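Participant: After the structure tokens below, expect a handful of questions from me.
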């Protein structure tokens, strides 16, 4: 190969000298000759022939670049010699056209893949057969049979696939037959506790013997050299001298050894092959100098085994990369030799750069290296960067296998005035491009069906655009593409990797993204161009969905990690993806099977036992699975086995495929927007999530620099979600099951993972969860309402609504709650909320929920009736306490009977500061705030409250209190909607008394006294209290009667207490009216004596009539009050 390039360069130099020294004059006559071929690519079998039929000239010559593959006779007959590819030049005069000739074997066989398949006894394995005839895969039907009739069952999956279900351990030979073709493989069923044999540790001694240490449990070893046939040996060494003796400098051999399990050993699984590359440790001694363009002589000697030889025509390799230029420039850094010939570069005058227009005729390189700079020889152009690849430049190219773009080829602002949309808008302004254009102008590699590898380290974004010369289908129908290298933060916004009409139906979706860093922005726009389906705009279904991240320590044993090989950015070292054994453990790195789910590792997570490190469910927006089960423990092959603890923020956001997800009990947290916009999500099982309460999430750890994150909106716009299995103590205090406008059709039903008695589910913010129906089912027998269980893995439940007859459910005995939510706690029921629509609410004095028996109802929870606009009357005679803001905003409420409430404490806590109220409420106030139409409230005997309960900033003085008893009530100063009029239980005739009439309505006496001569004409009470003095047989005044706040006090001239007859009132006792600031006028015409300090402190007193007082003696024994 080195001599060949020297010959080419020498020939080129000779041609250049000839051009300079002579040639035809301009007026010489020339005859134009051209070559035209119908077929530029042909395929023949080994031994087959093909006759060229060129046109455009009278005579043609033919030359093959590899006659070991194909020869061409002088008259244009090509003969296939061996399997491979040759390029045939057809020449006439100075015109040449190149044709590609692929020579294949005319083989017929059945391909089954691995010769031995392992499966856990009791499990199954699917075997696919491909029938190959004349080198092509056919759709022929394949018949499968097993060598045993017991222990194994075969079930056809398709025309050429079968599933083998194995009931017991053993070896089973499966035979596949199609016509006259037969193939076999062995299914080995091992025990559930079977272990994978360890990989042998390899070394080569003396450059001749491959050796390894014995592997415990191995019955033998299979050795392969350079991927050839396996050789089985029971030894722990193998002679490889026949291979190593022929290796020269720069050449190597690859040895592989795997440990085998015995034919009757069902407790072990054969190991993954251990591989090592071997090369002699040659030391070079330069005899005469040489470079990549000038040959010389070098002596080589192996420092290990002493093997020596001399290379008389030593040429250095071209230097395409170095430490300063690891990505290369597409040309040799020493001599400028282009790595890939016949690539067509053109000058772009608007951007003063070059671009790739395509390939020239005769292009034959599988490796496409795009130059970083180019010079077309035109002085005014000079050497300039190559900035982009033109529209459709390599479309339909069947030769390219690997493509390398220089790192300098990246997004730029196109200055061409014609670079505009059909409407005239600049194409630099495509969304997500930041005012720049993509270096891939659309359909660049479309339908390059042999393309396998692309490196584009400078391409950060593939846009979503579809104009005539700037589109997004750069890798459409590249169905053999397996690896694409991109920079950190790469975004694929359009249909870059689209599966379309030229992709065979059976072609696998296998394009993996290799990111130069830790993460990509997005490998697809799941909403418009998803992986797995097409919603009408395009897709990215050729993508596998897998992303491999860069790690300088990556090896062939580290999965989902990769690195460049020894500063060569055109070679990749990686363990690839996981290879799982029958126990779903990766044979290479030990990771557990994630079934396509992306997990992340949080090294800072603190577990319950104090240890740190746990896994979380990561970015699965593009996961193309409808049903997903999250594992409880995971092992990524790097951080070991740890629990899976939470679902990260926005993990499945916008996923259109997800319908059902099951989270294990180990997952206790959803970090906000976890399933938002999952439009097809129907079922969620999350028994370990005890609450979805609101919390702000700090920008640290995995959320460093993530911006504002909160834990709400986990099921935002999940309009198809019906079933959610939750923890028995599940609680919500913010919006989780909701729509943006708050008017979604309720669809979500909750299923408690515990029984009714174990459960204490609390949906605090019911109004903020408009998708929640209010239905909660509890695990248990279906002979009761609102119960659920599983039947065949599917949830079945009893009725959500009770079937009432005569106020009692005929199924479970529960009473008709009429929309009142009764909850049980510690031997009593309380009211937890209200979903009814009636104007009158009657709270039962006792309740029976069908599970906990009949008990009293004594408490109403915090905000239980908040903002219930329809309610007008509430009757709750057994209630003794309110939890705070109970009737807040019930603006049409008019009447409340809470005769059992005698005292409302503000803070109801135990000695440790914990809430004693059953719903956890501590602060009880404002129970009737903004009840602006409230007029009648029946309270308990001697009612009082530590804080204001009846208040509003819109209206004052509208509520009368009716005391269920005669003990004095104390109101709070903040109760500004009270009138101050308090009625006590009585005959309902006298002033400020009330009773229930025959219809159960409140009947009250007058709310004002009508005093005549100091006595009320309505109820007969007096303004003042009188006492009888038997010594003088007169009455005297002891003070103002209870409840009297009149400004004018009239003292009767005579009085009759009903016992002592009627007598004159002549005396006022000491301090009888002391500090009565309401009194302004006193009329007491019959009084003849005052007992001292009678009106002390009556600061508003203006007028006194005591006309009979003629003398007041300071010291007067015998006064009635002493």
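We did not get these values from a lab; they are worked out from the coordinates using the rules stated. Keep in mind that this is a model prediction, so the values were computed, not measured. Methodologically, a virtual Cβ is constructed for each residue, glycine included, from the backbone with ideal geometry; neighbour enumeration extends over all protein chains shown.
Participant: What spacing in nm lies between the two simple spin-label points modelled at residue 291 and residue 108, each 7 Å away from Cα in the Cβ direction?
Facilitator: Calculated label separation equals 5.8 nm.
Participant: By how many degrees, between 0 and 90 and to the nearest 10, does the Cα long axis of helix 2-21 differ from the longest principal axis of the chain?
Facilitator: The angle comes out near 70 degrees.
Participant: Note the full-extension length gain between residue 801 and residue 147 as 0.36 nm times their separation in residues minus their Cα-Cα distance, in nm to one decimal.
Facilitator: Separation in residues times 0.36 nm, less the Cα-Cα distance, equals 229.6 nm.
Participant: Place a point 7 Å from Cα of residue 425 in the direction of its Cβ. Which residues in segment 458-480 have their backbone N less than 14 Å from it?
Facilitator: The answer is 464-467.
Participant: Further question: Which whole number in µm²/s is D for segment 833-953 by Stokes-Einstein, with the Kirkwood Rh taken over Cα pairs at 4 °C and 1.567 mPa s?
Facilitator: It diffuses with D of about 88 µm²/s by this estimate.
Participant: Highest mean first, how do 446-454, 407-415, 277-285 rank when packing is the count of other Cβ atoms within 10 Å averaged over residues?
Facilitator: So the peptides 446-454, 407-415, 277-285, ranked by packing, come out 446-454, 407-415, 277-285.
Participant: Sticking with this one: For a protection proxy built on the mean count of beta-carbon atoms within 10 angstrom, sort 90-100, 828-838 highest first, please.
Facilitator: 828-838, 90-100
Participant: Ranked highest first by the average count of other Cβ atoms within 10 Å around their residues, in what order do 300-307, 619-626 fall?
Facilitator: Going by the mean number of other Cβ atoms within 10 Å, highest first, we get 619-626, 300-307.
Participant: So, one more: Given the C-alpha centroids of segment 526-592 and segment 830-863, what is the distance between them in whole angstrom?
Facilitator: Their Cα centres are 58 Å away from one another.
Participant: Also: Along Cα→Cβ, 7 Å out, is where each label goes; now give me the distance between the ones at residue 309 and residue 794 in nm to one decimal.
Facilitator: Rounded to a tenth, the inter-label distance reads 7.1 nm.
Participant: Give the calculated FRET efficiency between residue 641 and residue 519 to the nearest 0.05, with a Förster radius of 30 Å applied to their Cβ-Cβ distance.
Facilitator: The formula returns an efficiency of 0.80 here.
Participant: Please report 1096, 500, 212, 473 as a ranked list, fewest other C-beta atoms within 10 angstrom at the top and most at the bottom.
Facilitator: With the fewest neighbours first, 1096, 500, 212, 473 line up as 1096, 500, 212, 473.
Participant: Another question, if that's okay. Based on the Cβ-Cβ distance of residue 357 and residue 743, what FRET efficiency does E = 1/(1 + (r/R0)^6) give at R0 = 51 Å, to the nearest 0.05?
Facilitator: For R0 = 51 Å, the calculated efficiency reads 0.35.
Participant: Just want the ordering: 873, 493, 740, from fewest to most Cβ atoms lying within 10 Å of their own Cβ.
Facilitator: 740, 873, 493
Participant: Quote to one decimal, in nm, the extra length available between residue 40 and residue 415 on full extension: 0.36 nm per residue of separation minus the C-alpha distance between them.
Facilitator: Contour length minus Cα-Cα distance gives 131.2 nm.
Participant: Nearest 500 deg cm²/dmol is fine: what mean residue ellipticity at 222 nm does the chain get from its DSSP H runs of n ≥ 4 alone, each adding -39,500 (n - 2.57), divided by its residue count?
Facilitator: That calculation yields -500 deg cm²/dmol at 222 nm.
Participant: For a Förster distance of 45 Å, can you work out the FRET efficiency between the beta-carbons of residue 627 and residue 208, rounded to the nearest 0.05?
Facilitator: 0.20
Participant: Moving on to the next point. So how far apart, in nm, are the two label points at residue 116 and residue 95 if each is 7 Å from Cα heading toward Cβ?
Facilitator: 6.2 nm
Participant: With the Cα gyration tensor of the chain in hand, convert its eigenvalues to equivalent ellipsoid semi-axes via √(5λ) and list them largest first in whole Å.
Facilitator: 96, 36, 27
Participant: To continue, here is another question. When 173, 486 are ordered from fewest to most other Cβ atoms inside 10 Å of their Cβ, what list results?
Facilitator: Starting with the residue having the fewest Cβ neighbours, the order is 173, 486.
Participant: What full-extension length gain, to one decimal in nm, is calculated for residue 161 and residue 1109 as 0.36 nm per residue of separation minus the Cα-Cα distance?
Facilitator: Additional length available on full extension: 328.8 nm.
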